[in-house]
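The values are calculated or read from the model by the stated rules, or taken from the named source; none is laboratory data. Predicted model only: the values in this text are computed from it and were never measured. Counting neighbours? That spans all protein chains shown, and the Cβs are built from the backbone with ideal geometry, glycine included.
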């Protein structure tokens, strides 16, 4: 999506040290997030067997998500929206802050439909911001025929194989509040870890 390597320059400028699990130990190359547990290795060439330093950079889970529309549970993790005025990194930052607000108040993710009067006052702005972004999924469906990250990924792959253009024209991925690793949703744990770090400061 909009955080593809072509939008941020040379990969070799930002590689970090990898730990025993292969995670790059530096801030996210796409959005700048520096939070323990959020980093994953991103392979700029798409070749996950090429672990040379010039090919691997650190990516937070949300920026990494936007690079892998073929993830097994992508439909539960994200939705396509049409937001040409916002970068993918900004969408991710907004979604992360909204999700943090909900977790701080003990509310479950993903965020569902809630009657406005039942939303705690402290959450109303976060809820409204998320719902505005979520409403842009309808525009994505109208303009591109789908809100499905998997369907878009398949279409882009076919287009690339056929040598066609890949203009996604403002399509972004809205993280819904889940991120599966090894079959388990680790996203709530990541958010709680951020909250603990913030509380300790």
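Against the condition crowded, with 17+ Cβ neighbours inside 10 Å and within 14 Å of the chain's Cα centre (by Cα), how does residue 133 come out, does it pass?
For residue 133, the condition - crowded, with 17+ Cβ neighbours inside 10 Å and within 14 Å of the chain's Cα centre (by Cα) - is met.
Name the pairs whose Cβ atoms lie under 7 Å apart, with the first residue in the stretch 35-60 and modelled with pLDDT under 85, the second surrounded by 24 or more Cβ atoms within 10 Å (Cβ to Cβ), and 6 or more positions between them or separate chains?
44/57
Name the single residue that is surrounded by the most Cβ atoms within 10 Å (Cβ to Cβ) among those in the stretch 70-108 being part of a loop (DSSP other than H, G, I, E, B) and in contact with a strand residue (DSSP E or B) (Cβ under 9 Å, 6 or more places away or on another chain).
The qualifying residue surrounded by the most Cβ atoms within 10 Å (Cβ to Cβ) is 83.
Residues in the stretch 39-53: is at least one within 20 Å of residue 26 (Cα to Cα) and part of a helix (DSSP H, G or I)?
No, the stretch 39-53 has no match at all.
Here are 177, 183, 169, 163: which of them is touching a helix residue (DSSP H, G or I) at 6+ places or on another chain (Cβ under 9 Å), exposed (fewer than 11 other Cβ atoms within 10 Å of the Cβ) and either on the phi > 0 side of the Ramachandran plot or at pLDDT 80 or above (or both)?
Just one listed residue meets the conditions, 169.
Filter the stretch 91-130 down to residues that are touching a residue at least 12 places away in the same chain (Cβ under 8 Å) and under 22 Å from residue 31 (Cβ atoms), then give me how many there are.
20
Conditions (1) modelled with pLDDT under 85; (2) outside the structural domain of residue 47 (by TED's automatic domain parsing); (3) under 26 Å from residue 32 (Cα atoms), marked per residue:
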| site | (1), (2), (3) |
| --- | --- |
| 78 | no, yes, yes |
| 124 | no, yes, no |
| 132 | no, yes, yes |
| 142 | yes, yes, no |
| 148 | yes, yes, no |
| 156 | yes, yes, no |
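Against the condition outside any helix (DSSP H, G or I), buried (at least 18 other Cβ atoms within 10 Å of the Cβ) and not assigned by TED's automatic domain parsing to the domain that holds residue 29, how does residue 111 come out, does it pass?
yes
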